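The values are calculated or read from the model by the stated rules, or taken from the named source; none is laboratory data. All values derive from a computational prediction rather than experimental measurement. Here the Cβ is made from the backbone with ideal geometry for all residues, glycine too, and neighbour counts use every protein chain on show.
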């Protein structure tokens with residue numbers, strides 16, 4: 001690099017705006033050329049004199065207030081129409097979008113099972129599990145707490161339009177601890193509550209004029225559910241105890 | 001609306017350009033930069049006045065500093081900055097994200113030049129030849145420049161034509177990059193570079209002259 005090429009680059013060099021290759025060439029020249037190095041130093045001195053001595057004017061407070069007032073009073077007219085890619089605009093509408101989505105989801109949950117009924121008991125299955133969870137959540141396992149079937153059975157009288165079979169299987173490990181009335185499949189049903197070790201078991205019973213069926217085990221959300229019909233009664237067993245134990249209880253009830 | 005806004009964002013140059021708009025030979029050595037690349041980003045981020053305040057109020061001091069150095073007078077600078085913010089407010093919808101400070105300073109600069117061309121036409125430099133190399137340097141004692149006091153440096157800056165003065169203010173006081181200065185002044189980067197070099201060469205001569213006058217006083 002010769003002096004004539006180097007001279008116009010001093011400012012950009014000092015401002016760190018030169019590309020690395022040119023900058024290296026220039027620095028090599030400055031190392032060799034006393035005249036250019038001195039001129040570079042003069043420009044550096046000017047640059048530092050400006051930044052250290054000239055001073056920076058700050059906006060006066062009244063001006064700041066005037067502008068803030070103008071902003072507060074503005075309606076930001078002349079805003080360009082939102083474009084499809086205008087993410088900001090979508091964001092500003094997000095509560096409406098979220099609400100619409102939530103309503104659609106709710107309607108789907110409520111009505112899809114009715115519009116597209118799956119296997120006969122699919123919706124009922126969920127209802128039964130929900131009833132079981134509810135009963136253990138809100139400390140409302142039993143309306144009548146008794147291990148005596150002679151206390152529990154009469155308690156249902158007048159609360160239901162049928163008389164559920166009530167049996168205690170304490171000997172076999174399933175202790176009857178009480179009963180309550182629940183509402184499933186659009187009707188009031190009997191819920192018999194058994195305890196097996198730390199586990200609670202809801203047995204939902206209501207009459208159904210259909211032939212007997214043998215137990216059919218399934219699981220939902222970690223709960224074991226057993227369903228069968230016996231003596232014109234519909235039985236649903238819901239619990240978090242093991243499938244083997246459920247089968248055992250079903251055998252007793254189905255007996 | 002969009003058309004008007006874009007005009008605001010690219011300030012009208014109120015002085016003869018000569019051949020200055022062409023990139024000078026040293027410009028080829030500069031890193032290539034896409035001026036107003038922010039323009040390609042079609043995300044409008046100013047949706048309301050809270051956004052406007054958040055994005056543009058932090059640059060009020062910079063805006064005032066530029067206007068104050070260009071107009072050399074408090075009252076005029078205040079008028080111009082207020083006018084610039086009102087314009088920015090009106091055309092905020094055309095701001096497409098990117099360098100908010102450069103966008104705002106371009107409006108401030110444009111408002112300042114409009115004011116100067118109406119009221120102080122004589123202060124604008126005659127035709128600038130931006131292809132010219134910096135004035136041949138008389139050797140100056142570096143110590144003379146280093147000893148220059150604030151009054152001397154300020155006087156030297158104020159003596160510069162506005163087109164040179166703004167380069168020094170934007171680079172050494174506002175610390176904008178060449179690319180940002182190119183956005184604000186709507187000039188090619190090569191022109192920014194050569195104007196800045198010429199501005200500093202003039203400053204160097206002016207400081208020497210002022211300190212020589214001060215020394216003989």
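Some observations on this one:
- Taken over region A:159-215, residues that are without any contact (Cβ under 8 Å) to a residue 24 or more places away in the chain, crowded, with 18+ Cβ neighbours inside 10 Å and under 18 Å from residue A:244 (Cα atoms) amount to 1.
- Members of region B:147-168 that are part of a loop (DSSP other than H, G, I, E, B) and either at the interface with another protein chain (Cβ under 10 Å from one of its Cβ atoms) or modelled with pLDDT of 95 or more (or both): B:148, B:149
- Entry remark, region B:71-81: residues being surrounded by fewer than 24 Cβ atoms within 10 Å (Cβ to Cβ) and within 23 Å of residue B:171 (Cα to Cα) number 6 in total.
- Checklist (1) touching a helix residue (DSSP H, G or I) at 6+ places or on another chain (Cβ under 7 Å); (2) within 22 Å of residue B:72 (Cβ to Cβ); (3) more than 9 Å from chain A (Cβ to nearest Cβ) applied to residue B:171, failing item: (3)
- Condition met for residue A:14 (more than 7 Å from every other protein chain (Cβ to nearest Cβ) and closer than 23 Å to residue B:189 by Cβ): yes
- Wholly enclosed helices (runs of 4 or more DSSP H) of region A:1-53 bearing at least 3 residues at pLDDT below 90, surrounded by fewer than 22 Cβ atoms within 10 Å (Cβ to Cβ) and touching a strand residue (DSSP E or B) at 6+ places or on another chain (Cβ under 9 Å): none
- Residue check, residue B:213 more than 18 Å from residue B:112 (Cβ to Cβ), in a helix (DSSP H, G or I) and either in contact (Cβ under 8 Å) with a residue 40 or more places away in the chain or touching a strand residue (DSSP E or B) at 6+ places or on another chain (Cβ under 9 Å) (or both): no
- Restricting the search to strands (runs of 3 or more DSSP E) fully inside region A:155-255 and requiring at least 2 residues that are assigned by TED's automatic domain parsing to the domain that holds residue A:145 and more than 22 Å from residue A:122 (Cβ to Cβ) gives A:175-184, A:187-196, A:199-207.
- Scanning region B:187-210 for residues that are away from chain A (no Cβ under 11 Å) and either within 21 Å of residue A:8 (Cβ to Cβ) or touching a helix residue (DSSP H, G or I) at 6+ places or on another chain (Cβ under 7 Å) (or both) returns B:187, B:188, B:191, B:210.
- Near pairs, Cβ below 6 angstrom, 6+ apart or cross-chain, from region B:45-58 (more than 9 Å from chain A (Cβ to nearest Cβ)) to any residue that is in a helix (DSSP H, G or I) and at pLDDT 85 or above: B:55/B:100
- Options B:28, B:38, B:33; residue that is within 21 Å of residue B:197 (Cα to Cα), more than 8 Å from every other protein chain (Cβ to nearest Cβ), part of a helix (DSSP H, G or I) and modelled with pLDDT under 50: B:28
- Qualifying residue in region A:217-236 (condition: within 18 Å of residue A:152 (Cα to Cα) and under 33 Å from the mean Cα position of the chain (by Cα)): no
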